[in-house]
1. Within the range 66-90, how many residues are more than 8 Å from the chain's Cα centre (by Cα), under 16 Å from Leu124 (Cβ atoms) and crowded, with 22+ Cβ neighbours inside 10 Å?
2. Exactly one condition in (1) closer than 14 Å to Ala154 by Cα; (2) in contact (Cβ under 8 Å) with a residue 40 or more places away in the chain is false for Ile83; which is it?
3. With the requirement that a residue be of a type outside the set (Gly, Ala, Ser) and touching a strand residue (DSSP E or B) at 6+ places or on another chain (Cβ under 9 Å), what does the range 30-47 give you?
4. Report whether or not Ala146 is in a helix (DSSP H, G or I), under 11 Å from the mean Cα position of the chain (by Cα) and crowded, with 21+ Cβ neighbours inside 10 Å.
5. Of everything in the range 139-168, what is of a type in the set (S, T, N, Q) and under 12 Å from Val110 (Cβ atoms)? Give them in sequence order.
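Values in this text are rule-based calculations from the coordinates and carry no lab data. Values in this document were obtained by computation on a predicted structure and should not be read as measured data. Here Cβ is always computed from backbone atoms with ideal geometry, including for glycine, and neighbour counts include all displayed protein chains.
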Amino acid sequence: MLLLALLGTPVFAGGVYQEPDVFIAEVFDNDPPKAGVIWPDKQLKAQIKEILGHDYRGLRIRYWKHEDRSAWILDEIGKDKPITTGLVVHKGRIERVRVLVFRESRGWEVRHAFFTDQFNQATLNTDMELDRTIDNISGATLSVRAVTRLARVALLLDQEVNAQAESR
């Protein structure tokens with residue numbers, strides 16, 4: 001009887017795979033820069049909304065930057081719950097994507113390197129799309145889309161931070 005009950009219970013494959021502060025320390029060889037904050041203006045908010053399909057939930061976005069490398073910890077809803085993702089941009093290209101916290105019952109496969117490695121060296125084109133197609137994972141479509149949107153947002157935010165630095 002217990003076996004039958006367990007068979008009908010969904011398996012939760014989510015969890016914390018890496019703490020965000022550990023990810024940031026790893027990206028910057030255990031010497032992370034002080035966190036910066038970007039306050040999206042009306043235009044940037046509209047661009048982020050175009051990518052995400054909804055308004056970004058925060059008023060400000062934290063990031064870490066040293067020379068040509070920036071790191072971002074961003075959340076996006078997969079099906080019902082946020083997927084916390086660490087993204088690193090180096091010289092305008094994705095250097096690393098790592099799913100840090102996964103809260104859904106399905107789609108957890110996006111945390112594996114066979115998926116996240118597809119983003120390596122990706123750039124953002126003038127239409128705010130990635131310069132490549134990201135392969136889907138059967139049964140994880142919503143998670144794939146969420147992580148892909150976050151990669152686009154990280155590239156956009158990196159461009160904005162660099163533009164702001166140049167204008168100073």
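1. Residues meeting the conditions: 3.
2. Single failed check for Ile83: (1).
3. Going through the range 30-47, the residues of a type outside the set (Gly, Ala, Ser) turn out to be 30-34, 37-45, 47.
Scanning the range 30-47 gives Asp31, Pro32, Pro33, Lys34, Val37, Ile38, Trp39, Pro40, Leu44.
4. Values: in a helix (DSSP H, G or I): yes; under 11 Å from the mean Cα position of the chain (by Cα): yes; crowded, with 21+ Cβ neighbours inside 10 Å: yes.
For Ala146, the condition - in a helix (DSSP H, G or I), under 11 Å from the mean Cα position of the chain (by Cα) and crowded, with 21+ Cβ neighbours inside 10 Å - is met.
5. Here is the first cut: in the range 139-168, the ones of a type in the set (S, T, N, Q) are 141, 143, 148, 159, 162, 164, 167.
Across the range 139-168, the qualifying residues are Thr141, Ser143, Thr148.
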